[in-house]
Amino acid sequence: MHEINSNEFISKEKVSTETFSAEINSENKPYKPLIVAFCCNWCSYAGADLAGNNRLSYPADVKIIRVPCSCRVNPMFILRAFQRGADGVILCGCHPGDCHYTSGNYYTRRRMALLFSMLDYLGIERERTRVEWVSAAEGAKFAATMNDFAEKVAALGENKRLEDLRCKN
Amino acid sequence: MQELTRDALLARAAELLENGTVDRVLGWKRGEFAYDVTPAVFKSADEMKESFVWGDFCGANFSKYLIAETKKSENKVLAFLKPCDTYSFNQLLTEHRFDREKVYAIGIPCDGMVDIAKIREKADGIASVDTNGDKLIVHTLFDGDVTLDRAEMLAERCTVCKSKKHVAYDELLGEEGDVVDSARFDEVAKIEAMTPDERFAFWQGELSRCIRCNACRDVCPACTCEKCVFNNPNSGVENKSPANSFEEQMFHIIRAFHVAGRCTDCGECSRVCPQHIPLHLLNRKFIKDIDSFYGEYQAGAEVGSRAPHINYTEGDIEPSDAVKRGDENA
Ligand code: SF4
Ligand code: SF4
Ligand code: FES
């Protein structure tokens with residue numbers, strides 16, 4: 001599991017190229033999408049851990065960014081992830097009603113419903129964004145969600161509409 | 001044709017200045033050209049007599065000016081507010097952006113504002129424009145006078161005006177109107193009905209013209225942060241024109257997102273954009289979505305209402321279903 005601190009992530013410095021894998025465009029390997037998954041510390045991040053402990057596999061190109069609560073995710077983070085080379089961005093939080101800060105994920109749900117609808121309106125493929133509720137006990141759901149999301153994003157190919165070539169190597 | 005005359009506004013303002021109710025007046029004055037009207041602060045009736053104007057080019061919404069203006073003096077400032085301006089006025093009060101006690105608001109009826117860009121498409125070398133009933137007489141430098149239908153030259157926002165009713169004032173001049181049924185979401189629905197590729201091409205065509213002058217942000221009565229994200233020197237996008245499609249889209253998505261739920265659809269952003277980018281189509285997408293996801297909500301309709309972004313219900317729509325909603329509406 002690779003972890004990037006969210007503040008570092010939005011800072012001006014480039015995220016190391018190793019983080020955003022060099023596999024993209026490399027000739028001898030099949031195309032694998034780069035997925036950024038924002039995971040809430042209390043549930044989905046633990047769910048990812050459980051998936052790992054249970055040896056359930058999910059694509060290695062899913063890069064997890066741990067956040068204290070799903071509502072920590074500013075819309076700017078999502079756009080920045082796309083800017084720096086993500087092909088898909090998924091946001092995982094506690095199930096509605098289970099947020100450790102009581103109501104954070106309810107706000108997340110409203111914000112992301114509006115943001116994703118706007119991205120769709122601008123012509124950015126809607127399969128590139130997703131919100132999923134995954135609890136700490138749902139290791140299997142975590143793995144299945146990531147596999148499914150990666151597959152959908154792979155079918156779309158590289159993100160061209162919200163990329164910034166200057167940020168890619 | 002506007003119901004009230006310049007003289008009627010002048011007379012009332014002079015009275016209020018005279019009896020000490022207010023010591024300044026926020027009004028419009030002539031700019032470089034007669035159709036190039038700009039907001040101004042007048043300190044006396046004489047100043048007003050000289051340069052105050054009221055007519056078909058007085059689109060500027062004064063609500064945001066009240067934030068700075070109410071801090072300048074202990075006395076009240078008079079503000080003339082058209083119906084749509086009063087929504088912004090209420091929204092700013094909801095956000096505690098100025099002291100209501102320091103404003104004397106006069107509601108004035110509005111018969112729609114004329115868009116000079118539309119006239120420019122029909123006439124060259126415009127010297128001035130007069131209104132005569134439902135006609136506009138355009139005096140030009142080379143082709144004499146050109147007569148146009150006023151209704152066709154109205155600003156886009158006025159053709160889909162949502163309300164002729166004032167939602168805030170201390171005093172009303174002229175006739176009060178009603179909230180009207182407007183077709184303001186029709187254009188949004190048309191874009192929703194396009195394929196993703198068409199939508200992308202449409203928006204690239206529009207947004208790539210942006211020069212990042214920030215006028216849309218600066219004029220917006222909902223954009224009142226003292227420090228804006230787009231002024232952050234670490235953002236990489238501070239005060240610069242967009243370098244690629246990502247930066248174009250990021251600015252516009254974030255600008256519209258930050259005012260979502262607070263945007264009253266006053267139309268100032270589209271009015272001031274020197275590149276004629278239809279920013280209202282972004283704002284209205286959010287308004288349309290908010291209405292359809294969380295129930296109808298008009299920002300500024302009343303003071304103190306809770307905006308959809310700072311509210312929730314347990315049964316709210318899931319983001320994955322939200323993006324599909326557009327298909328059904330299309
Ligand atoms: S006013 Fe128009 S050109 Fe200026 S920043 Fe806004 S959208 Fe861009
Ligand atoms: S975003 Fe545009 S229409 Fe909405 S309140 Fe601001 S200036 Fe008015
Ligand atoms: S703590 Fe997990 S979503 Fe809020």
Of all residues in the stretch A:63-79, count the ones that are under 8 Å from the mean Cα position of the chain (by Cα) and open to solvent by 10 Å² or more (accessible area, probe 1.4 Å). 1
Here are B:127, B:189, B:123: which of them is in contact (Cβ under 8 Å) with a residue 12 or more places away in the chain, away from chain A (no Cβ under 14 Å), open to solvent by less than 50 Å² (accessible area, probe 1.4 Å) and farther than 20 Å from residue B:6 by Cβ? B:123
Lone qualifier among B:34, B:68, B:14 - being loosely packed, with under 15 Cβ neighbours inside 10 Å and aliphatic (A, V, I, L, M): B:68
Screening B:267, B:261, B:205 for residues that are surrounded by 17 or more Cβ atoms within 10 Å (Cβ to Cβ), within 13 Å of chain A (Cβ to nearest Cβ) and away from ligand 1 (no atom under 11 Å from the Cβ) leaves only B:261
Looking only at the stretch B:197-216, decide whether some residue is outside any loop (DSSP other than H, G, I, E, B), touching a residue at least 40 places away in the same chain (Cβ under 8 Å), within 16 Å of ligand 2 (Cβ to nearest atom) and farther than 25 Å from residue B:323 by Cβ. yes
Just to be sure, is residue B:59 in the same structural domain as residue B:28 (by TED's automatic domain parsing) and touching a Lys or Arg at 6+ places or on another chain (Cβ under 9 Å)? yes
From (1) touching a helix residue (DSSP H, G or I) at 6+ places or on another chain (Cβ under 6 Å); (2) among the hydroxyl-bearing types (Ser, Thr, Tyr); (3) modelled with pLDDT of 95 or more, pick out the condition that doesn't hold for residue B:88. (1)
All positions within the stretch A:85-95 that are surrounded by fewer than 22 Cβ atoms within 10 Å (Cβ to Cβ) and at pLDDT below 95: none
So, of the residues in the stretch B:84-118 that are of a type in the set (D, E, K, R) and closer than 30 Å to residue B:130 by Cβ, which turns out to be nearest to ligand 1 (Cβ to nearest atom)? B:115
Restricting the search to the stretch B:153-186, which residues are more than 16 Å from ligand 1 (Cβ to nearest atom), open to solvent by less than 60 Å² (accessible area, probe 1.4 Å) and among the acidic types (Asp, Glu)? B:171
When residues of the stretch A:117-144 are filtered for being open to solvent by 10 Å² or more (accessible area, probe 1.4 Å) and within 14 Å of another protein chain (Cβ to nearest Cβ), how many remain? 9
Any chance the stretch B:224-245 includes a residue that's touching a residue at least 12 places away in the same chain (Cβ under 8 Å), within 10 Å of ligand 1 (Cβ to nearest atom), facing another protein chain (nearest Cβ under 10 Å) and outside any loop (DSSP other than H, G, I, E, B)? no
Which condition number in (1) within 7 Å of another protein chain (Cβ to nearest Cβ); (2) in a loop (DSSP other than H, G, I, E, B); (3) without any contact (Cβ under 8 Å) to a residue 60 or more places away in the chain is the one that residue A:102 fails? (1)
Of all the residues that make up the stretch B:275-289, how many are of a type in the set (A, V, I, L, M) and either on the phi > 0 side of the Ramachandran plot or within 7 Å of chain A (Cβ to nearest Cβ) (or both)? 0
The conditions are (1) surrounded by 20 or more Cβ atoms within 10 Å (Cβ to Cβ); (2) at positive phi; (3) not basic (Lys, Arg), and residue A:82 fails exactly one of them. Which is it? (2)
Helices (runs of 4 or more DSSP H) within the stretch B:1-100 that include 3 or more residues farther than 25 Å from residue B:158 by Cβ and acidic (Asp, Glu): B:45-51
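The values are calculated or read from the model by the stated rules, or taken from the named source; none is laboratory data. Remember, it's a predicted structure, so these values are computed and weren't measured experimentally. No Cβ is skipped: glycine too gets one built from the backbone with ideal geometry, and neighbour counts run over all protein chains shown. For accessibility, only protein heavy atoms count, side chains too; no ligands or nucleic acids. Shrake-Rupley method; radii C 1.70, N 1.55, O 1.52, S 1.80 Å.
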